[in-house]
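The values are calculated or read from the model by the stated rules, or taken from the named source; none is laboratory data. A quick note: this is a predicted structure, and the numbers were derived from the prediction, not measured. As a convention, Cβ positions derive from the backbone with ideal geometry for all residues, glycine included, and neighbour counts pool all protein chains shown. To get the accessible areas, we keep the full protein, side chains included, count just its heavy atoms, and leave off ligands, DNA and RNA. Shrake-Rupley method; radii C 1.70, N 1.55, O 1.52, S 1.80 Å.
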Amino acid sequence: MLKRKYGEDSDVYRVRVLDEFPRGESDAFISLEAAEFAAKEVSIEAKGDTLTVGVDVARFGDDETKMYGGIGGKVIGERHHHKKDTMVTAGTVLAFTKELHEAYPDVIRIRIRVDDTGVGGGVTDRLNEVVAEEGLPFEIIPINNGESSLDEHFGNLGMEMWAYIKDLLDQNLSNFINGLPGVLQLVDDDNLISQFSTRKWFMTSKGKMMLESKKDMKKRGLKSPDRADAFVLTFGEYMVEPDEHIMTPIIGSVSIKR
């Protein structure tokens, strides 16, 4: 199954099936080592005053609608479903967020980040309606991954947010070597780990970093990285003004740019 799903030459197959060392696929953006370490070796507490729910929206078909809730660098809840319309998805997001808020009533800021491209726009619109009607203390943030990044190194916003997660995952390994605690914990989920460690990247002719498209991933026989995208929406950060960052130490000693 792993051979068919990820390819005989992938590190996932080499490590899980052949029990060999990973070669470190040169064009994979996040290494299998960093992803597995964050899932199996890092354990941190949910600390911080901001609760974020990240939602990657699918409608019908094989793709999965996935959502995570996180505080600091810790996942505190998750939901997923298949083949549900946008109204059901919006209702699920609101119920999930209310549930997490009840479990963590001391958070000051509650934000829901939705992949606003495609069918996600309908979820965003409905969430805004309900939040306004009910006076809920939720901030709805639409994210368009294809939007231009304000950081000159990245081709779009999605690339920038994935790069932020990569930095945290790499910092986990560096901190371990130096006897320091980890900063971001992944859910120990084979699908999530594989989605992070099999997505490729490339450099554009303008010298900007870009992620492999979902369309190209499917051409390689891989499913859409729904879980990884939802995780990135939950924990990724991005620049909002050129050369202007608000430094917020909510994940260990990591400075977050908003």
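Brief remarks follow.
- Total charge dipole magnitude, the chain, about the Cα centre, Cβ charges on Lys, Arg, Asp, Glu only, Debye to nearest 20: 720 debye
- Per-residue extension of 0.36 nm, minus the Cα-Cα distance of ASP125 and MET87, leaves a gain of 12.7 nm for this segment.
- Sequence-separation-based contact order of the chain, relative, with Cα cut under 8 Å and 6+ spacing, percent: 25 percent
- DSSP-defined beta bridges in the chain - what % are antiparallel, rounded to 5: 60 percent
- Tilt relative to the chain, helix 86-103 - C-alpha long axis, 0 to 90 degrees, to 10: 90 degrees
- Averaging Cα coordinates gives a centre for the stretch 97-174 and one for the stretch 28-84; these two points are 12 Å apart.
- Here the Gaussian network model covers the chain, with springs between Cα atoms less than 10 Å apart; of GLY135, GLY70, GLY121, GLY135 fluctuates the most.
- Counted residue by residue at 0.36 nm each, then reduced by the alpha carbon distance between them, the extension gain from HIS153 to PHE202 reaches 16.4 nm.
- When the chain is described by a simple charge dipole with +1 on each Lys and Arg Cβ and -1 on each Asp and Glu Cβ, the residue from VAL131, PHE37, PHE196 located farthest towards its positive end is PHE196.
- Here's how it looks for ILE140: its modeled amide H is under 5 Å from those of ILE112, which are all 5 or more places away or on a different chain.
- Considering helices alone, the calculated mean residue ellipticity of the chain at 222 nm is -11500 deg cm²/dmol, with DSSP H runs of length four and up weighted by -39500 (n - 2.57) and normalised per residue.
- Total lysine pairs in the stretch 67-176 at Cα distances under 24 Å, for residues eight or more apart or on different chains: 4.
- Taking Cα centre as origin and charging only the Cβ of basic (Lys, Arg, +1) and acidic (Asp, Glu, -1) residues, the dipole magnitude of the stretch 77-184 rounds to 320 debye.
- Angle in degrees between helix 157-177 and the longest Cα principal axis of the chain, rounded to the nearest 10: 60 degrees
- The angle between the Cα long axis of helix 226-235 and the longest principal axis of the Cα atoms of the chain comes to about 60 degrees, rounded to the nearest 10.
- Considering only VAL53, ALA90, HIS80, the residue lying farthest towards the positive end of the dipole of the stretch 19-146 is ALA90, judged by Cα position with unit charges set on Cβ.
- Qualifying GluC sites (Glu not before Pro) in the stretch 64-153, DSSP loop, other Cβ atoms within 10 Å at most 16: GLU147, GLU152
- Between PRO105, PRO142, PRO225, the GNM of the chain built on Cα springs shorter than 10 angstrom shows PRO105 fluctuating the most.
- The stretch 165-224: trypsin sites (Lys or Arg not before Pro) in DSSP loop, at most 14 other beta carbons within 10 Å: LYS206, ARG220
- On full extension, the segment bounded by ASP190 and ASP216 gains 7.2 nm, given 0.36 nm per residue less the C-alpha separation.
- Per residue, the chain exposes 49 Å² of solvent-accessible protein surface, assessed with a 1.4 angstrom probe and all protein chains in place.
- Set of the stretch 86-101 residues, backbone N closer than 19 Å to the point 7 Å along the Cα-Cβ line of GLU133: 86-99
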